[in-house]
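So the structure is just underneath, and the comments pick up after that.
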Amino acid sequence: MQTTQENQEICYHCGDRCRVKDTIFSNGKAFCCLGCSHVFEILSSCNLATYYDLVEKNAVPVTSAFDMQMWEGVKNPTVAREVLSFSDGTVANVTFLLPQIHCSACVWLLENLHSIHSAIYKTQVHFDKQEAYITFNEKQLSLYELVVLLAKLGYPPQKKQEQNQEDNKEHKQRLYMRIGIAAFCASNIMLLQLPIYFDIQFIPPVLLRFFAIVRLALSVLLLLGSFQEYIESAWQGFKQKKLSIDVPIVIGVAALFLQSIYEILGHVGEGYLDSMAGLIFLLLIGRLFQEKTYRQFSFSREYESFFPLSALLQKQNGYENVPLKDVAVNDTLYLRFADILTCDSILSSNSAYFDYSFVSGESKAIQYKKGDYLYAGGKLLDSNALVQVRKPFSAGYLINLWRNYKEKESTQTKQFSRLESYMSAIFTPLVLMLASINGVYWLCHDPSKALFAFTSILIIACPCAFALSVPFTTGTIMRILAKNDFFIKKAAVLEKLAQVNHIVWDKTGTLTYLKASYIPLTRELTSQEKSMIKSMALYSNHPVCIALRSLWEDSSALLDHMEEVTGKGVIGYLGKTQIQLGEASWASQFVKVKQKENTLNTRAILVINEEQIGSFILEETWREQIDSTLESLKEKYSMSLLSGDKKREEITKVLAPIFQEEATLFSQTPEDKQKYITKLNKTKQTLMIGDGLNDTFSLQSSYVSIAVSDSQTHFTPTSDIIVQSQNLKKLKYALQLAKDSIKIIKTSFVYALIYNGIGMYLAFQGWVTPLAAALFMPISSISIVLFTTGSSYLCSFFYRKKYKC
């Protein structure tokens, strides 16, 4: 039973002061609105009241007047499809932008949505992006009902793409407007203070007092128009009982302003409004410079340029591999077995089976029919399929799919992320204490310097340097490695890669690859036949077909019809020409197979118009420079080799100098590999390197994993790193850069301590004004950015020379 009482109270849920006429009491607690009251009842009924133990007086902005009309359209399935990331009719995925996410309690509540509604399977929150990835059952909970639930909890979602663009534009406009106001106020305050600078005697005292009042008015405009964001940030920090970097800055400016008011109104001096105005103007200029610098060193956009994905696009005269960013709406794409669908599309083939376990977490084959809508992220389980693109490719979506896929559990703490947070957290209270000590000291020895000494310490010391060291070092190293075809899932993987002490290798498809050569039986091939065979090779992801793709330079032809018998062979038709290509036992049903001699190498029989023309020999070949790579790695890492192939003498002779006999295992099933790595993990930090096709279990089980890709269309969400096969020889270079990233972070922490220490020493001596301190602050952050990125590139240059890669 709820009642309204005429007593002013503090809202139990959000911490805001309740208006007397609107205060609502429920269960002995006061609430400022029905929204807060309903949220409390929801959490209590779901046994989630511990939410209030995470933060005292939470300040979650509940929007009781949230306009649901903008979401009315999602009741229409066609409109909902545009918002959802995936749906199979039951399981659905959606990404929402939730600007109200502001603390650990928000994350905790959102990731416990499954306790509030049973139709919600999982919620993953990205705090820095203020995004939530939600998997739910749309038969039990519609998309519109999910939006309503989030709004009731105080997290009304916004449309991500539009909001991001709008926010960026508004943010730039606000920053430039604040700088403009600060420039206007600072210049006029200093202009009105010229008589004091030059000690002009002929100006009447009444006019000087008027100038002082105008300076005060301009300073108020400056604080409200340009400094408001700093004040709001500091206030939110106080409400959450957290001291952000803006707190000492606001205290310093407040000290200058209050002292100026006292001196001007008390007729005891002229105050420090000129210093305060110059300080705010320089702080805003520094922030603008910082943002432009950070944007120049942005890392997230690099994935769109370097992520190793392309699509097989249907052209009038054949098929062509094109970068996914060049795929447009209404283009027709050809998918082969195990290909990942990279764009939302309509199925053009009669039917096809897809596995959406990478998206939904549930591994099952789903049959789709011609005309069905297909979401990006599904893996084709049929031999081939044609789809028509309905949405352009989004690198961000596939990267999130890769990053979020069955996150590995690790009991090891991320030491530098923890150290970064720890140093940033203790730095602000320490600065406030030192500033107070310095102010008291000068108050006792030289009161004229006390205020400047106090405010200079507050402004000059900046923990931003500690917060920037880790992301800019790891981001730069990840960018460098991406240019060398090593694509790392996230920064935490780089830290784990630096800790590796044992490497487990898969052999086939990793250390070796298949090299094809044509052996004629009756004649050589015509250019049209070569074009057809290359086109057939493009149709399949079988290792034999992958090997054939690089055999000739001839362009592929657009076949009339194509069939694949999984694991057996392929058949292509063009006009009156019919070609069968596959293993001998399968080809024997079309023609009597003739073989010249027995061979240990793989042989693919070529039949054209019911006549065996020749065959392709596929020889297992070691990858370029793999022997020298293994030799150099053996010096610092223990290594094992796991292979599903049978033990062969010629192979063991090559491997014997590198791998110990007990660490060289053949005839290993995927389950055997997984058990071996699980056992190793008890004493080692293992790096598993496989081809990503039949090594899924072992890649998931290892401490950190690398999938080796021969194809630009190959995508492996189960791995931590994807490397293009031709650059596997750069593995030692990548491992060394990962180790050096840790050294750079340590060094940058030391540099930040020294830099801030020198600045505070000068401030302790009374040699630094607040105006000069305002210059030190952005220089500190920018110098850390330049140091970490510069050091990373220098290390890269040095090791590229050392390892000749």
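The values are calculated or read from the model by the stated rules, or taken from the named source; none is laboratory data. It should be emphasised that the depicted structure is a prediction, and the values quoted were computed from it without experimental measurement. All Cβ positions, glycine included, derive from the backbone under ideal geometry; neighbour counts span all protein chains shown. These area figures cover heavy atoms from the full protein model, side chains too; ligands, DNA and RNA do not enter into them. Shrake-Rupley method; radii C 1.70, N 1.55, O 1.52, S 1.80 Å.
Listed values for the range 658-664 are Karplus-derived 3J(HN,Hα) couplings in whole Hz (6.51 cos²θ - 1.76 cosθ + 1.60, θ = phi - 60°), namely 9, 10, 5, 4, 6, 9, 10, and x replaces Gly and Pro.
Packing-based ranking of 140-153, 470-483 yields 470-483, 140-153, ordered from highest to lowest mean Cβ neighbour count within 10 Å. Here the range 436-530 exposes an accessible surface that is 63 percent carbon and sulfur, computed with a 1.4 Å probe and the other protein chains kept in place.
With all protein chains kept in place, the per residue accessible area of the range 442-502 amounts to 27 square angstrom at a probe of 1.4 angstrom. Computed 3J(HN,Hα) for the range 132-139, one whole-Hz value per residue from the Karplus formula 6.51 cos²θ - 1.76 cosθ + 1.60 where θ = phi - 60°, is 10, 9, 10, 10, 8, 8, 6, 6, glycine and proline marked x.
Kindly flag which residue pairs out of LYS364/LYS739; LYS129/LYS152; LYS647/LYS802; LYS75/LYS152 have an alpha-carbon separation exceeding 30 Å in this structure.
Values: LYS364/LYS739 40 Å; LYS129/LYS152 21 Å; LYS647/LYS802 36 Å; LYS75/LYS152 18 Å.
With Cα atoms farther than 30 Å apart: LYS364/LYS739; LYS647/LYS802.
For the residue pairs LYS172/LYS490; LYS507/LYS568; LYS325/LYS391; LYS732/LYS804; LYS483/LYS507, the alpha carbons lie more than 20 Å apart in LYS172/LYS490; LYS507/LYS568; LYS483/LYS507. 3J(HN,Hα) along the range 533-539, derived from phi through the Karplus expression 6.51 cos²θ - 1.76 cosθ + 1.60 where θ = phi - 60°, amounts to 5, 5, 5, 4, 5, 5, 6 Hz, with x in place of Gly and Pro. Distant-in-sequence amide contacts of LYS507, defined by a placed amide H-H separation under 5 Å and a gap of 5 or more residues or a different chain, comprise LEU642, GLY644. Near the amide H of LYS391, within less than 5 Å, lie the amide hydrogens of ASP344, all on another chain or at least 5 residues away, with H placed in the peptide plane.
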